[in-house]
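Asker: Once you've had a glance at the structure underneath, I'll fire off some questions.
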Amino acid sequence: MSHNQADTTAIPAHIGLILDGNRRWAKAQGLPAVQGHREGMETLKSISHRAFDKGVKYLSAFVFSSENWQRAEEEVNYLMSLLIKAVEKYLDEYHERGIKIVIVGRREGLRKSVLDAITRAEVKTAGNSNGTLALCFNYGGIDEITDAVKQIVSRGVPEDEITNDVIAKSMYTPELPSIDFLIRTSGEQRLSGFMLYRAAYAELYFTDTYWPAFKTVDFDNALDTYSARERRFGT
């Protein structure tokens, strides 16, 4: 089947998720912001299970950006502890489902307890092959490209040997392929630096629904729009 032929059963191999609207959802419910993040964590679990059950191979979620350090200290501390709690609560469940977990982003500046949780999740699920959940944590798309360039320079790669493949293999977690379908919730219509290199030809989908209110039926509806699109890749 050609790239530009619509397929009503098409399932993207790699889906990116920008989990936006946690705090606004909480405010609309009269709840503290941290409750929005907690509910967002539950939503990610249900959506990720749905995605892998449908045959998605890679699911990348923008969990904590490098710009999020600018938020209030209390909220930042809560988001750090939330990652640890998520590992404690869900790691066994993902492992039993055969899902590999990888954390994408800079490790510098993260406290030891967070690094320990990351290591535990990655080591335990390293051999799984039923799907990969990539949690983009302390992540920035520009940072990723900058770090890739630094890595290439540090290896002393000659200019005439720098190819698209060399750059791709220098990105964080290079086994992650290009994003096919990118979903952003909460009504914002921008990438906010999310996987800039891998999202070059991604189909974009924006919804006004806040992330904690994004249900599996909303995810299914999004997939329906992807199936109806014609991916031309510049042709």
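The values are calculated or read from the model by the stated rules, or taken from the named source; none is laboratory data. Keep in mind the model is a prediction, meaning the values are calculated, not measured. Using ideal geometry, Cβ is built from the backbone for each residue, glycine included, and neighbour counts are taken over all protein chains shown. With ligands, DNA and RNA removed, areas are computed over all heavy atoms of the protein, side chains included. Shrake-Rupley method; radii C 1.70, N 1.55, O 1.52, S 1.80 Å.
Asker: Which members of the stretch 138-170 meet the condition of being within 24 Å of residue 80 (Cα to Cα) and open to solvent by less than 40 Å² (accessible area, probe 1.4 Å)?
Answerer: If the condition is that a residue be within 24 Å of residue 80 (Cα to Cα) and open to solvent by less than 40 Å² (accessible area, probe 1.4 Å), then 138, 139, 140, 141, 143, 144, 147 are the ones that fit.
Asker: Within the stretch 127-155, can you find the residues that are of a type in the set (Gly, Ala, Ser), farther than 22 Å from residue 62 by Cβ and out of contact with any Gly (no Cβ under 8 Å at 6 or more places or on another chain)?
Answerer: 127, 154
Asker: Here are some residues: 18, 47. Which one is out of contact with any Lys or Arg (no Cβ under 6 Å at 6 or more places or on another chain), surrounded by 15 or more Cβ atoms within 10 Å (Cβ to Cβ) and β-branched (Val, Ile, Thr)?
Answerer: 47
Asker: Here is a check on your reading of the model: is residue 201 touching a residue at least 24 places away in the same chain (Cβ under 8 Å) and buried (at least 19 other Cβ atoms within 10 Å of the Cβ)?
Answerer: no
Asker: Being assigned to a helix (DSSP H, G or I), under 18 Å from the mean Cα position of the chain (by Cα), buried (at least 16 other Cβ atoms within 10 Å of the Cβ) and of a type in the set (A, V, I, L, M) is the requirement here; does residue 117 meet it?
Answerer: Considered against the rule, which asks whether it is assigned to a helix (DSSP H, G or I), under 18 Å from the mean Cα position of the chain (by Cα), buried (at least 16 other Cβ atoms within 10 Å of the Cβ) and of a type in the set (A, V, I, L, M), residue 117 comes out as yes.
Asker: Then there is this: Restricting attention to the stretch 204-221, which residues are free of Cβ contacts under 8 Å to residues at least 40 places away in the same chain and closer than 25 Å to residue 137 by Cα?
Answerer: Within the stretch 204-221, 204, 205, 206, 207, 208, 218 qualify.
Asker: Quick check on my filter: what residues within the stretch 48-82 are closer than 21 Å to residue 192 by Cα, part of a helix (DSSP H, G or I) and of a type in the set (A, V, I, L, M)?
Answerer: Of everything in the stretch 48-82, those that are closer than 21 Å to residue 192 by Cα, part of a helix (DSSP H, G or I) and of a type in the set (A, V, I, L, M) turn out to be 76, 79, 80.
Asker: Right, here's the next one. Which residue, of 106, 120, is closer than 17 Å to residue 195 by Cβ and charged (D, E, K, R)?
Answerer: Within the list 106, 120, the selection yields 106.
Asker: When the stretch 66-106 is examined, which residues are found to be open to solvent by 80 Å² or more (accessible area, probe 1.4 Å) and of a type outside the set (Asp, Glu)?
Answerer: 69, 70, 85, 89, 97, listed by residue number.
Asker: While we're here: Filter the stretch 21-34 for residues that are open to solvent by less than 60 Å² (accessible area, probe 1.4 Å) and at pLDDT below 95; which is nearest to residue 77 (Cα to Cα)?
Answerer: Top of the filtered list is 34.
Asker: If we scan the stretch 190-207, do we find a residue that is of a type in the set (S, T, N, Q) and within 14 Å of the chain's Cα centre (by Cα)?
Answerer: Yes: one or more hits.
Asker: Okay, moving on. Give all pairs with beta carbons closer than 6 Å in which a residue from the stretch 88-108 that is within 30 Å of residue 146 (Cα to Cα) and part of a loop (DSSP other than H, G, I, E, B) meets a residue that is open to solvent by less than 10 Å² (accessible area, probe 1.4 Å) and not polar (S, T, N, Q); count only pairs at least 6 apart in sequence or on separate chains.
Answerer: 99/131; 99/133; 105/136; 105/137; 105/139
Asker: While we're here: Tell me which residues, restricted to the stretch 19-45, are touching a Leu at 6+ places or on another chain (Cβ under 7 Å) and within 22 Å of residue 180 (Cβ to Cβ).
Answerer: 19, 44 - these are the residues of the stretch 19-45 that are touching a Leu at 6+ places or on another chain (Cβ under 7 Å) and within 22 Å of residue 180 (Cβ to Cβ).
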